[in-house]
Amino acid sequence: MQTASERLRAAFFPNLRWVLTKIERIAVPLLLVAVWEAFSRSGALPQALLPPPSAVLHALGDWMFGIDGSAQDYSGTWLRNALASTMRVAAGFAIAAALGIVLGTAIGWSRAIEATVEPTLQMLRPIPPVSWIPLAIIWFGIADRPAIFLVFLGAFFPVLMNTIHGVKAIDRNLIRAGAMMGASERQLLTDIVVPAALPSIFAGLRIAVGSAWMLTVTAEMVAVKSGVGYVLWDSYYFLRYDMVIAAMVSIGLLGFLSDYGIKLLMARVLRWQRTTVRRGA
Amino acid sequence: MAEIAIRNIVKTFTDRQRDQDVLAVDNVSLTIRDNDFVCLLGPSGCGKSTLLNMIAGFETPTSGRIEVAGQIVEKPGADRGVVFQQPTLMPWLTVAENVAFHLKLKGLGRAERRAQAQAFIDLVGLTGFEGHYPSELSGGMNQRVGIARALLMNPRVILMDEPFAALDAQTKIEMQEELVRIWERIRCTIVFVTHSVDEALVLGTRIAVMTRRPGRIREAFDFDLPRPRDVTSPAFNDAKRNVLGLIREEATRIRHAA
């Protein structure tokens, strides 16, 4: 039974606990932004070198919605640039995910494929994807394709390694159970091995989407003439540090959203793993 | 009619670390009749699970041959249902989908699978849990799913590898009673591996006592104590004394030989 005071509190503050946890979560970021604003306005550094959050927000607002033209050439171009970057991430990531899962499953499943293919991949893996930039440019020119190639390189290995691990870690008896129920080798792969490896594959996909954004931005700084990374680098040349920071914020936001998208997909696909997924890992 | 014929089975494993061969099963022959409930009884590591895995087709004998219904066993197949020591269910599938997995592999549609699975879910007493995932059920309930999954294939033979070993004493007794009830209803051949003398005598119509490694059949005998079997009855105790005597005799023989 609730006491009268408890009922009263429940009526007036239905989500008191919820509000408290929200405050708990945003207190530190708010404080940091406030300190930054105060420091930036104090004049300890020229404001051009460390624009206050309010200026960054102003630049971002104009870049997004073209309010007063303060972002100059970029006024109102945010969506176009964000889409350009996102398309590159999506294309490179999709190719990497498809190839990484297929090849990773094959390597994890078959000793013969592992012996023939894996050493080559392990030799390529330590080469940082960014060091491919010169070759990417001479092979693919200055446009989307070198960026997609780099994104692919960065996203491929995390998916591959995690898929191999997931496939190799499968309980042998699960395979035996499948064979006992009359599964062909192809059915073992599609109906048992891949589903069983999915938690590990998703871990790889989440790492991969982070790499994908890192490499898109890098590629856009060097080899492409559009996208959020290009805006960031171009603003640096024009000493628009408010725009530089606005671009950084945008990249962070886009990266967060794509990771969130994968997390949502993961929660759907790995519904059976209730306890772990619900806590949001 | 001989449902399962085990002929001079020898199995050696290669211990790669020590570079030597280990003899796990030594010249085992056993004939199992249609509708027998055979308990392979033996201590841990005596090769009884290895023998079962060879009947299932998971492992191949070093020499000798196994025939099920006249067919030489070469690989696993749906004519031999296996219930594992751990439930070994697909954790991403619900109870109903796990039970019907065999039908999915055969390409049957969802509605048809669901309808066929229901009878077996009811049979093992899991009505109402069709949509649950294995992670939401207890060990005993998951083992019931494993049994339903094997039964659904309507196999000639069901092979069970200490399926109740990980359960608590009370659940174990319940499951043993249910298994006997199910076996009496559907009438199939069961080969049941256990290290528990009591379990073997509660369940089996035929008991094969195996020796410590290398595994041999010490003695195989029919056991037709009427059911329900009372574990405290004099007849049960006589049988138990007899089996324990065999095991003790074997231990003494080994000690003398050493």
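Taking all Cα-Cα distances within segment B:123-228, those exceeding 18 Å account for 53%.
Taking label positions 7 Å along the Cα-Cβ direction at both A:THR3 and A:MET248, the computed distance is 5.2 nm, reported to one decimal.
3J(HN,Hα) along segment B:250-255: 4, 4, 5, 4, 5, 4 Hz, from the Karplus curve 6.51 cos²θ - 1.76 cosθ + 1.60 with θ = phi - 60°, whole Hz, x for Gly and Pro. Over what distance in Å are the Cα centres of segment A:104-158 and segment A:183-243 separated? Their Cα centres are 13 Å away from one another. Charge dipole (Cα centre; +1 on Lys/Arg Cβ, -1 on Asp/Glu Cβ; no other charges) of the protein assembly as shown amounts to roughly 180 debye. Sorting B:CYS39, B:CYS188 by the number of Cβ atoms found within 10 Å of their own Cβ, with the fewest placed first, yields B:CYS188, B:CYS39. For chain B, the dipole from Cβ point charges (+1 on Lys and Arg, -1 on Asp and Glu) about the Cα centre works out to 420 debye, to the nearest 20. When chain B is treated as a GNM, springs tying every alpha-carbon pair under 10 Å, which of B:PHE129, B:PHE164, B:PHE13 comes out with the largest mean-square fluctuation? Result for chain B, Cα springs under 10 Å: B:PHE13 fluctuates most. Remark: spin-label model distance B:ALA119-B:ASP198 equals 3.6 nm, labels positioned 7 Å along the Cα→Cβ axis. In terms of other Cβ atoms within 10 Å, B:ASP222, B:ASP26 run from fewest to most in the order B:ASP222, B:ASP26.
Cα convex hull, the protein assembly as shown: 262 Å³ per residue, rounded to a whole number.
In this structure the amide hydrogen of B:VAL82, modeled in the peptide plane, comes within under 5 Å of the amide hydrogens of B:LEU159, none closer than 5 places in sequence on its chain. Here the sum of -39500 (n - 2.57) over DSSP H runs of 4 or more residues, divided by the residues of chain B, equals -11500 deg cm²/dmol at 222 nm, to the nearest 500.
In chain A, the DSSP-assigned H stretches of four residues or longer account for a calculated mean residue ellipticity at 222 nm of -25000 deg cm²/dmol, using -39500 (n - 2.57) per stretch and the full residue count as denominator. Segment B:3-64 and segment B:77-118 have Cα centres separated by 27 Å. Largest GNM mean-square fluctuation across A:ALA38, A:ALA98, A:ALA247, computed for chain A with C-alpha springs under 10 Å, falls on A:ALA38.
Along the charge dipole of the protein assembly as shown, which of A:LEU135, A:GLY108, A:LEU215 sits closest to the positive end, that is, farthest toward it, with unit charges on the beta carbon of Lys, Arg, Asp and Glu (+1, +1, -1, -1)? Checking the options against the dipole of the protein assembly as shown, the answer is A:GLY108. Using only Cα coordinates, the Kirkwood hydrodynamic radius of segment A:74-278 works out to 18.4 Å. In the frame of its principal axes, segment A:1-114 has Cα extents of 70, 60, 29 Å, reported largest first.
Rounded to two decimals, the Cα-based Rg/Rh of segment B:1-160, with Kirkwood Rh, is 1.03. Cβ crowding within 10 Å, taken as a proxy for footprinting-reagent exposure, orders A:VAL193, A:VAL28, B:VAL82 from fewest neighbours to most as A:VAL28, A:VAL193, B:VAL82. Computed from Cα positions, the angle between helix B:110-123 and the longest principal axis of chain B comes to roughly 50 degrees. Note on segment B:22-87: Kirkwood radius taken over Cα pairs, Stokes-Einstein applied at 37 °C and 0.692 mPa s, translational D equal to 252 µm² s⁻¹. Take the Cα radius of gyration of segment B:169-234 and divide it by 2.2 N^0.38 Å, N being the number of residues; the result is 1.18. Only helices reaching 27 angstrom along their own axis (Cα) with mean Kyte-Doolittle hydropathy no lower than -1.0 count here, and for the DSSP H runs of chain A these are A:16-41, A:78-109, A:144-168, A:194-222, A:241-269.
Rounded to the nearest 10 degrees, the inclination of helix B:169-186 to the longest alpha-carbon principal axis of chain B is 80 degrees.
Read-outs: derived from the displayed coordinates by stated rules, not from any lab. All values derive from a computational prediction rather than experimental measurement. Glycine also receives a Cβ, built like all others from the backbone with ideal geometry; neighbour counts cover every protein chain displayed.
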